[in-house]
Every structure is written in C-alpha cells, then in structure tokens.
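K.L.:
Could you have a look at this structure, given as structure tokens, before my questions?
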Amino acid sequence: MPPRLVLLAWLPIATLAGCAVAFPIPGRGFEGASVRLEPPPLDSANAIRAARAAQARFELTRYGHLPWTWRPAAQRCDEIVGRFCLSFSDEPSDWSPPEEPEAIASARDRLLTWLAAAQRADTGDPWIVGQRVRYLLEGGLADEAARIAAGCAAGRAWCLALEGYVLHARADFAGAEAAFDAALAAMPEDERREWTDVSVLLDPADRRTYRRLAGAERDAFERRYWHLADPFYSQPGNARRSEHFVRHVLIRLNEDARTPDRTRWGSDLSELMLRYGGAAGWERIRQTSPAASMERPSVVTRFQPHGRQFLPGADDVLDTAGLRGDPLAREPRAPRSEYAVPFAERLHVLEPQVALFRRDERALVVAAWEFPADSVSDTTRVEAALVLDGESGMVTTRGSLLGPRGVLAASSPSRKLLLSLEALAGGEERAGRARFSVRAPWPERPAVALSDLLLLDGAVDVPATLDGALSHARPSTQVRSGSRLGVYWEVYAADSTAVQSFVSLSLVRGRMPWTRRLAERLRLRDGTDAIRLQWEERQAGSTVPRGVVLDLTRLEPGRYTLELTVAPVGRPSATAVRELVVVR
C-alpha cells in the first residue's frame, strides 16, 4: 500500500490523522445549525454580496453537521510547507468518505438558489459562475453543472477551464484535456505559464534541472513529463494531466471563498492543492478533556484514499535510454504528489514476463502477466491492453480475458519502445500496470541473431511455433524448484542457407555464500546451482524456432541467469540472456 499523507497545521491545537489536515475554528460553537435565507430580488445591487454571505453560511452549516473523530496522536514532521507540516504514515488508511447528511444537502440546495439569483443579476461574474459549478458538482448535479459552464460569460479562459473541470468530474478525460488546452491558449502568457509550470511537483534536484530549461526545451520536457505520468494509455485522455488543471481551478475557487476549516488561503495551501488535490471529506476532532471541550473543535480535512504518485522524475524525462522502470514500482515513502484513479481503488504494479521477436522489419512484443494472489478471481472479466509507444507512433492490442492472468502480443516498426501493460478488473475496482522501455535485442542487419528467451510452463513439450508457445507463457520470471521449465526462442539469419551451429544453454545461479560452496565441496548438500547443456544442430531458414524443457528438480532456490549462445560455423555467434528467480 502507498503511504498515507498527513498534514499538520502550524496553528493552535492543530493535529491530524490519516490522510488529513486539522485546523481550529474560531467563533461560538454550535451543533447542527442551519440558516434559511430567501434569494434577494433579481434587481438587487447586493445580489453578489448576498451570495457570498450565503456561501459562508453554507460552510458554517456544513461544519455543524460534520462527523466526529478522535484527536490523533502526534505525528512527526517529514516536510514543512509554509504553515504546514507533512507527515507520512506507513500504515494503510481504511477511511472512506461517509454518506452526506440530509441537512448539508438541503443547505447546498439553498446556496445554489442564491448563486443562481446572483448570476441572473450579474451574468459575467467569475466568482459566481465558478462557485455555482463547484457546488453543483459537489451535489452530484453534473448535467446542470455542464449547462452552466457551457453558458458561462465570465471570460473565455475561465469558462473553458470550468468546462474542463466538469468534464474531468464526469471522467471524460479526453474532453477535459481539450477544454483545458483551449483555456490555456486563451490565457495571458503569465497565467498560462503559471498553469503549465510543474516545478511544485518535482523533487528539489529535479526542480533545479527543470528551471534551467527554457523555451522549446521546457515545452518538450513538459510534454514528455505528462506523457509518462498518464495512468493508462489505453484509456482516452490523460487523467493525471487534466487533474493538474482541475487543481488550478480549485485553487481559484478556494482563494476567495469560505471553507469548512476557515483557514485563510495562501501559497502553501495552493502548493498542497497542486500536489495532493482537493478534499474528499471533513471531520471534527472530539475533545478529550473538560478544558478542551470549551474550545471550538478543530476540523480534519481528508484527501482521497488510495492515491498514487504517477509522476516521473527528471531523469526519466531526459534519459535517452528510456524509462528504466515503472514510477509506481519505485514510489517513495513520502510521495511528492498523489492522485487516486477514480475507476481503480486498488492499483497493482505488475511484473510481467516480456519477450521480443522479429517479424520482418517489426518487433513483436509478447507480455504475459498475473495479478497478485487473491486479488482477482478466476471468473472476473479483465480488460487488458498492451501499448507500444515508439517513434513511429503508438500501437495498442486489447484483449478481454477471464481471470487473473493473460498474454498479449503487439508489433511495432520501432526498435526502441515504451511498453505499457494495463489490465482493468471489471466490477472489482482493481487494475494492474507495468511500464518501462524495451529495445529490440538484435542488430539492424545481423548475420545471425536471437530473439529473447520466452519462459514456458514445462508441463507440455515445447511448441514448434511462437503462436503455440503463447498460451504456455509464464506470467513472470519466477519458477518453482522441482518443476519443469520450458524455454522457447528463435534464431534469425540473413539468408535461409543451411548452417551447422554449436548451441550452449546454461542456467547458473548468482553469487553464493562461502558456506554453501563449502557444503557442496564436502558433499553435504544434494542440490545443484547450475544446469549446462551443449549440442550441435543444422539450422536452415531465415527464422528458426527452437526450444527445450529443463528439469529443475535438484535446483536450489535463488537468482539465476539463463544464457543461450548460438555459434554458426563461419559466422559470428549470438547470445540471449534472461534473469529468473527459483523459489521453493
């Protein structure tokens, strides 16, 4: 599980637990209060001022009906942001947004009546239309919010940004991106630069690298950055990029409005909003002593659970070798930023077996995977996609499969590829992803070349073709000691002339402790740490499929290197290597 975010306000009696931030609330205490106000006349010169007062009263009413929580234990400070202290917990959070009380929903309806009246009085006020869209979305009235945003008359850039906000809330991420791109184009240069700047999302060292870039170099960095941050290439639009712009909208909506915690907005809260998003709920902290019970209860603001850091580092963006591993797999304990994918409450990092084969001038990529044990049932429908992104464009192969494991293959003319394996378990709000760069293992015009080594279940004989091997591909490079392991590969030649070749295949364990080596020499152990095979064969054809089955009965657990070398007479040799792990 990713760590939970904890924010500790640097204000009196501020504390928090879980994914939350706590603040004191000044003024008289009350429980469950609500104020019913009638909209002012449409011709009232004070309509906007009255709407602002109604917004403040609504948040006061919301405060009076918030659920209670116990004061959390003190947390250490991992990072300071302005007035706030960030602390990260290693314990998973079981918090989820509670059902909203009817009193808050009714108060929101009254507020929306006031906002509608104020907008009739001044159709071009950006605060009014923004708050109206905000509270309509909060109340689950997305269709009405879309209508208001489409009829907005508060400036082209702001109105387009509100449209993007609504589309994102409706999970139309492609439409949201298009709206935000149009909004950026309509903004003044300084405002556009503020919205597109990603400094706040970068670690300090990466931030210095980014700020040294200018002009086209910075634009290219940002394009690559958001491309790598896209949670799922197989889904339309880039949800993480549009979420970034939604957070800018939320900053503007909160800068001049009352919130349940009554904290004055500042640059520190803007940074936290850009890094971790808007609130998912609030709770009041129950006092534990008679003296404390006389004080106004503080408010804990909670963020979306199950957030993940999809953002790459500057090295990933600038490295010409490509993405060395999925950013999700090397997520730090204290993530710089988080985002919760709305359709995947649990997101697993997959560890697939990937192998490349040559088909004419294209690279055929095979990916076999499996969800972690007990995470997806055998009857679950999984929508999977293998996405290959190269200089020639993006290629996607999709499959609808049953159960936790599967195999997909896709081909691309590009030799260097960004691979993204994506699997969504329907109805279970679970997803899996693996993303990293791969490169064709053979030279552009080899005399002799080898494909990758594809590991197979060893219960059957090695198939004679790749198509036959795919259904037996292992979902990972982990195998059990005492089992049988199939290995499939292909030999590629510049022509179809028959050639005599010497073939060697070895499975050798990595470095062993000296005690184990001594035990082997003294014959105190029965196991073995290596398998070696050699043979001669005559190969004819431009593509020659081959394979063997290895008996791992006496193999000791550990990390092994599987190495195949083909040495044709009179031609350069070729070698393929695969790392694997043997477990009990």
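K.L.:
Report the Cα centroid-to-centroid distance between region 347-361 and region 102-119 in angstrom, as an integer.
P.N.:
What the calculation gives is 53 Å, centre to centre.
K.L.:
Continuing with the same structure: With θ taken as phi - 60° and the coefficients 6.51, -1.76 and 1.60, list the Karplus ³J(HN,Hα) couplings across region 545-552 in order, rounded to whole Hz; mark glycine and proline as x.
P.N.:
3J(HN,Hα) across region 545-552, in whole Hz: x, 9, x, 9, 10, 9, 8, 9.
K.L.:
If you take the beta carbon distance between residue 99 and residue 257 as r and set R0 to 22 Å, what does 1/(1 + (r/R0)^6) give as a FRET efficiency, to the nearest 0.05? List each step's numbers first, then the result.
P.N.:
Working: r = 24 Å, r/R0 = 1.11.
After rounding, the FRET efficiency stands at 0.35.
K.L.:
Helix-only estimate, please: 222 nm mean residue ellipticity of the chain, summing -39500 (n - 2.57) across DSSP H runs of length 4 or more and dividing by its residues, to the nearest 500. Each step should come with its number before you reach the end.
P.N.:
Working: 14 runs with 164 residues, N = 584.
About -8500 deg cm²/dmol.
K.L.:
For a quick protection proxy, order the peptides 356-365, 187-196 by their average other-Cβ count within 10 Å, most packed first. Mind dumping the intermediate values first?
P.N.:
Working: 356-365: 17.8, 187-196: 12.8.
In decreasing order of mean packing, 356-365, 187-196 become 356-365, 187-196.
K.L.:
Let me ask something else. If the chain between residue 343 and residue 561 were fully stretched, how many nm would it gain, using 0.36 nm times the residue separation less the Cα-Cα distance? The partial results should precede the final answer.
P.N.:
Details: separation 218, 0.36 × 218 = 78.48 nm, distance 3.88 nm.
Extending this stretch completely gives an extra 74.6 nm.
K.L.:
Starting from 0.36 nm per residue, how many nanometres of slack lie between residue 182 and residue 56 once their C-alpha separation is accounted for? Present the calculation step by step, with values, prior to reporting the outcome.
P.N.:
On the way: separation 126, 0.36 × 126 = 45.36 nm, distance 3.21 nm.
Between residue 182 and residue 56, full extension yields an extra 42.1 nm.
K.L.:
What's the center-to-center distance, using Cα atoms, between region 438-471 and region 298-328 in Å?
P.N.:
34
K.L.:
So how much slack lies between residue 191 and residue 467, counting 0.36 nm per residue of separation and subtracting their Cα-Cα distance, in nm?
P.N.:
Values: separation 276, 0.36 × 276 = 99.36 nm, distance 5.42 nm.
That works out to 93.9 nm of additional length.
K.L.:
Is the shape of the chain best called rounded, prolate or oblate, per the rule: a/c under 1.5 gives rounded, else a/b larger than b/c gives prolate, else oblate, with a ≥ b ≥ c the square roots of the Cα gyration tensor eigenvalues? Spell out each step's value before the answer.
P.N.:
Values: a/c = 2.80, a/b = 2.04, b/c = 1.37.
Prolate is the answer for the chain, as a/c is 1.5 or above and a/b outweighs b/c.
K.L.:
For an R0 of 22 angstrom, estimate the FRET efficiency from the Cβ-Cβ distance between residue 583 and residue 378 and round to the nearest 0.05. Mind showing how you got there, number by number?
P.N.:
Details: r = 22 Å, r/R0 = 1.01.
The computed FRET efficiency comes out at 0.50.
Every number in this text was worked out from the coordinates using simple rules, so none of it is lab data. Predicted model, so just to flag it, every value in this text is computed and none were measured. As a convention, Cβ positions derive from the backbone with ideal geometry for all residues, glycine included, and neighbour counts pool all protein chains shown.
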